[in-house]
1. So which strands (runs of 3 or more DSSP E) stay within region 139-256 end to end and still have 2 or more residues that are touching an Asp or Glu at 6+ places or on another chain (Cβ under 7 Å) and either over 21 Å from Y56 (Cβ atoms) or modelled with pLDDT of 95 or more (or both)?
2. Considering only residues that are more than 16 Å from V121 (Cβ to Cβ) and either buried (at least 20 other Cβ atoms within 10 Å of the Cβ) or among the hydroxyl-bearing types (S, T, Y) (or both), which ones fall in region 139-179?
3. Given the conditions (1) hydrophobic (A, V, I, L, M, F, W, C); (2) part of a loop (DSSP other than H, G, I, E, B); (3) within 14 Å of V54 (Cα to Cα), and given that I82 satisfies all but one, which numbered condition is not satisfied?
4. Any idea which of (1) assigned to a loop (DSSP other than H, G, I, E, B); (2) within 30 Å of C238 (Cβ to Cβ); (3) at pLDDT below 95 is the one V87 doesn't satisfy?
5. Can we say S264 is of a type in the set (S, T, Y) and closer than 30 Å to D78 by Cα?
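The values are calculated or read from the model by the stated rules, or taken from the named source; none is laboratory data. As the structure is a prediction and not an experimental result, all values here were calculated from the model. Because the Cβ atoms are built from the backbone with ideal geometry, glycine has one as well, and the counts that use them run over all protein chains shown.
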Amino acid sequence: MTRTRGLLITAAIPVLLLGACARPGTAADAGAPAAGEPITESATADPDSVALRVEYRGGFVPPQYLLGRLPVVTVYADGRVITDGPVPLIAPGPALPNLQVQQITPERVRKLTADAVAAGVKTGTDFGSPGVADIPSTRITVATGYGTETAEAIALNEAQADDPALTSAQKTARAKLKKFVEQLTALDDATEPYRPAEVAALARAYVATGDGLEGKPVDWPGPALPGDALDKDLDIRCVSVTGAEKDKVWAAAEKANQQTPWVSGGKQWSVLFRPLLPDESGCESLRSAG
């Protein structure tokens, strides 16, 4: 049996939606698309630029998971789609997430971004606040030819259809957005494991759970833990690794689980492994997560 992390769910072809002159509908371009429709052509796109991303924010989860949480799905300018895939339903779970990557066409990237805007991914769209607590919000970001649009809906999957805290317009907007996210996360192209160029390790002092599931301590094969402070208030620290050092850490993590004690500097550490995505670099890129 498997479960999906979160609440679910390479050729460089320049397609990102960055090239734009006047805003749609201005006199500068009589043939411009209608307001709200993304401009979808550019000859200067960075293949690692994010065209579309769905991620969870907030919620009542341990702070290290807030900082290390992976996006549900990211669509890049060159057509790579990286998703957080299913993992075995065992306790403790694997140390590494099951990231998957697939390749879609430039035409499909353009259609997905246009579909996102049509589904309400526009900065300022009102999705209301349902009467539920401690549930993450779903944030969708889409790059268009005239800027980045972001929409965020609290408890998109959990709110009841008849929630009295929501207006009729908000319920309609949420239903449209939810349908789009479900379609996006159900992309069925062939996938393969994603192997990152860099991995971040979020470290805290190890505390035994007392449930009998703790594994045998393992010598840490990377740079000394715990690393630099990622969140001083929560005492979560981070190191990142690349190249041959990353390969050693990855190989060791493949044999470990989420409760494995890692030994570095004569102390034991709990480590959350966070593969960095193509648009991310170093621990600093995780600082704004949550």
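1. Filter on region 139-256 gives 236-242.
2. Applying the first criterion (more than 16 Å from V121 (Cβ to Cβ)) to region 139-179 yields 155, 157-169, 171.
The answer is A155, A159, L166, T167, S168.
3. It fails just one condition, (2).
4. Of the numbered conditions (1) assigned to a loop (DSSP other than H, G, I, E, B); (2) within 30 Å of C238 (Cβ to Cβ); (3) at pLDDT below 95, the odd one out for V87 is (1).
5. Spelling it out, it is not the case that S264 is of a type in the set (S, T, Y) and closer than 30 Å to D78 by Cα.
The rows are residues; the columns are (1) of a type in the set (A, V, I, L, M, F, W, C); (2) within 27 Å of I82 (Cα to Cα); (3) in the same structural domain as G120 (by TED's automatic domain parsing); (4) touching a Ser or Thr at 6+ places or on another chain (Cβ under 7 Å).
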| site | (1), (2), (3), (4) |
| --- | --- |
| D189 | no, yes, no, no |
| T209 | no, no, no, no |
| G215 | no, no, no, yes |
| V218 | yes, no, no, yes |
| L230 | yes, yes, no, no |
| V249 | yes, yes, no, no |
| W262 | yes, no, no, no |
| F273 | yes, yes, no, no |
